[in-house]
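Trainee: One structure, as structure tokens, below. Some questions next.
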Amino acid sequence: AQSVTQPDIHITVSEGASLELRCNYSYGATPYLFWYVQSPGQGLQLLLKYFSGDTLVQGIKGFEAEFKRSQSSFNLRKPSVHWSDAAEYFCAVGVLAGNQFYFGTGTSLTVIP
Amino acid sequence: DTAVSQTPKYLVTQMGNDKSIKCEQNLGHDTMYWYKQDSKKFLKIMFSYNNKELIINETVPNRFSPKSPDKAHLNLHINSLELGDSAVYFCASSQDQQDPYNSPLHFGNGTRLTVT
């Protein structure tokens, strides 16, 4: 069965520091992978997505993610974090049947000045 | 603005009441969803509709009944509300139901339901 694990419930980084949020997935076929961001009181916004091709994908707001099949991972990175990046980040896997999406439990990011 | 909009944003009600949450999308998408986000931020799909037809119906109590009058609208009606129904409910839409990569989810801003 498909599942998504985000090992870090909460991460705190200093503004300007680099960021990496971890995501591991379990899926029997080639996965459709996504990262979403949820700002307080808002819905989820798509940051980036991956299905095939180049394993390093670029997204909005300066984020990127790298797909590593051998590790079943799709970690999100940003070289320099801004205070406005403080939010909840969700990794998700999409499956063809019914266009279903399965979400991880999220990682809450705090950015300190 | 093109978007998924849902109302109300906040809903406070007592146990036993019946309430509805409305959702509309003007993105021209064929598929709409309801997700429930619990207090630990876990997102779980409840229902999905494609062109007004029910596609996904996860293990949800019968007290929850989705209604799709047309493909741009998917409303959620909840009967006999219970304390455990307190959560944030998100409406979402996608272009179609066959291609997650080219049809990612677009979310509304959520409805925070509090049952007292």
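The values are calculated or read from the model by the stated rules, or taken from the named source; none is laboratory data. As the structure is a computational prediction, the values presented were derived from the model and not from experiment. Every residue, glycine among them, receives a Cβ derived from its backbone with ideal geometry; neighbour counts consider all protein chains shown.
Trainee: Evaluate the following for A:ALA17: is it away from chain B (no Cβ under 14 Å) and within 30 Å of B:TYR10 (Cα to Cα)?
Mentor: Answer is no for this residue.
Trainee: What residue, among those in region B:60-116 that are of a type in the set (Ser, Thr, Tyr), more than 10 Å from the chain's Cα centre (by Cα) and under 25 Å from A:GLN38 (Cα atoms), is farthest from the other protein chains (Cβ to nearest Cβ)?
Mentor: B:SER86
Trainee: Among the strands (runs of 3 or more DSSP E) lying completely within region B:32-102, list those that include at least 3 residues that are touching a Phe, Trp or Tyr at 6+ places or on another chain (Cβ under 7 Å).
Mentor: In region B:32-102, the matching strands (runs of 3 or more DSSP E) lie at B:43-50, B:53-57, B:73-78, B:87-94.
Trainee: Identify, please: which residue in region A:74-113 is of a type in the set (A, V, I, L, M), within 10 Å of chain B (Cβ to nearest Cβ) and crowded, with 18+ Cβ neighbours inside 10 Å and is, among those, farthest from the chain's Cα centre (by Cα)? First the steps, then the outcome.
Mentor: Of region A:74-113, the ones of a type in the set (A, V, I, L, M) are A:76, A:81, A:86-87, A:92-93, A:95-97, A:109, A:111-112.
Pick out the ones that are also within 10 Å of chain B (Cβ to nearest Cβ) and you get A:92-93, A:95-97.
So of that shortlist, the ones also crowded, with 18+ Cβ neighbours inside 10 Å come out as A:92-93.
Details: A:ALA92: 7, A:VAL93: 10 Å.
The extreme case among them is A:VAL93.
Trainee: Testing B:VAL12 on (1) out of contact with any helix residue (DSSP H, G or I) (no Cβ under 8 Å at 6 or more places or on another chain); (2) within 16 Å of B:ILE78 (Cα to Cα); (3) assigned to a loop (DSSP other than H, G, I, E, B), one condition comes back false. Which one is that?
Mentor: Of everything listed in (1) out of contact with any helix residue (DSSP H, G or I) (no Cβ under 8 Å at 6 or more places or on another chain); (2) within 16 Å of B:ILE78 (Cα to Cα); (3) assigned to a loop (DSSP other than H, G, I, E, B), B:VAL12 misses just condition (3).
Trainee: Look through A:TYR32, A:TYR27 and report the one residue that is within 10 Å of chain B (Cβ to nearest Cβ) and either touching a Gly at 6+ places or on another chain (Cβ under 7 Å) or over 14 Å from A:THR105 (Cα atoms) (or both).
Mentor: A:TYR32
Trainee: Continuing with this model, one more query. Checking A:PHE63 against (1) modelled with pLDDT of 95 or more; (2) of a type in the set (A, V, I, L, M, F, W, C); (3) within 20 Å of B:GLY110 (Cβ to Cβ), which test does it fail?
Mentor: (3)
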